[in-house]
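**Q** For reference, the structure I am asking about is given below.
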Amino acid sequence: MKVKMEVSSLGQMQELAKAFAAALKAPMIVLLKGDLGAGKTTFVKAVAAALGSKDEVTSPTFALLNTYQAKNFPIYHFDMYRLESAETARELGFDEFFDKTRLDGVVFVEWPENVEGLYQSVDFEVTIQKVDDKKRTFVISAKKD
Ligand SMILES: Nc1ncnc2c1ncn2[C@@H]1O[C@H](COP(=O)(O)OP(=O)(O)OP(=O)(O)O)[C@@H](O)[C@H]1O
Ligand SMILES: [Mg+2]
C-alpha cells in the first residue's frame with residue numbers, strides 16, 4: 001500500500017503524523033527518506049508527541065540514537081547520516097534494534113540508505129520531499145503483507 005500526500009504547513013504535517021501514529025505498534029521499523037532538511041526529524045517529533053511522549057525530540061545526528069518513552073512503547077530514533085555501512089552500525093551494537101524477535105518498541109531510521117543490509121523486515125517507508133519553505137510531499141508505503 002502506498003499513499004501520497006502534500007502538506008502545506010507544520011500543522012498539516014502534525015495531522016498526518018497523528019494519523020500515521022495510530023498505525024504504529026511494537027515491534028515496528030520505519031525508514032525515513034528525504035534530503036537534508038526535508039523534515040524527517042520534525043516528523044518523528046510530531047509522531048512521538050502523538051504517541052504521548054513528553055520527551056524532547058532532537059536530531060540524533062551526533063548521538064546516532066535518541067530514545068523516547070511513548071505511552072505504550074519506547075521509540076528508538078536513529079540518524080545514520082554519519083555512518084558508512086551496516087557493518088559500522090553492527091559494530092556499535094545497533095543490530096539488536098533491528099531484530100524483531102527482540103525489539104520492544106518502534107524504530108525510526110533517518111538516512112537508512114547508509115546502512116542497507118542492517119534491516120530486513122521494514123513496516124513503513126516514509127519519503128519526504130521539500131516543495132518549498134512550508135510545503136512537503138509525503139509518500140508513505142506499507143512494506144509488508
Ligand atoms: N510541512 C513541514 N513538514 C516538516 N518540516 C517542515 C515543514 N515545513 C517546514 N518545515 C521545516 O523544515 C525543517 C526540517 O528539518 P528537519 O531537521 O526535520 O529535517 P531532516 O530531514 O531531519 O534533516 P536531516 O537530514 O539534516 O536530519 C524544519 O526546520 C521544519 O520546521
Ligand atoms: Mg534529521
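**Q** Once you place label points 7 Å from the Cα toward the Cβ at Thr101 and Gln129, how far apart are they in nm?
**A** Going by the 7 Å Cα→Cβ label model, 4.0 nm.
**Q** Return one number: the angle in degrees, 0 to 90 and rounded to the nearest 10, between the long axis of the Cα atoms of helix 10-21 and the longest principal axis of the Cα atoms of the chain.
**A** 50 degrees
**Q** Counting alpha carbon pairs within less than 8 Å and at least 6 residues apart, what relative contact order, in whole percent, applies to the stretch 2-142? Show your work: numbers first, answer last.
**A** Numbers: 279 pairs, mean separation 50.3, N = 141.
Normalised by residue count, the contact order of the stretch 2-142 is 36 percent.
**Q** Further, regarding this structure: For a label point 7 angstrom out from the Cα of Thr137 toward its Cβ, which stretches of the stretch 98-129 have the backbone nitrogen within less than 13 Å?
**A** Inside the label zone: 127-129.
**Q** Next question, about the same structure. For the chain, what is the per residue volume of the convex hull drawn over the alpha-carbon atoms, in cubic angstrom? Don't skip to the answer; put the middle values down first.
**A** Values: hull volume 14.7 nm³, N = 145.
Value for the chain: 101 Å³ per residue.
**Q** Right, something else. Can you tell me which aspartates and glutamates have their Cα less than 14 Å from the Cα of Lys4? Leave out same-chain residues fewer than eight positions away.
**A** Reachable aspartates and glutamates: Glu125.
**Q** Work out the FRET efficiency for Ser85 and Phe62 from their Cβ-Cβ distance, taking R0 = 30 Å, and round it to the nearest 0.05.
**A** Details: r = 19 Å, r/R0 = 0.62.
Approximately 0.95, to the nearest 0.05.
Values quoted throughout were computed directly from the atomic coordinates according to the rules given, and no laboratory measurement underlies them. It should be emphasised that the depicted structure is a prediction, and the values quoted were computed from it without experimental measurement. Note: ideal-geometry Cβ built from the backbone for every residue, glycine included; neighbour counts use all protein chains shown.
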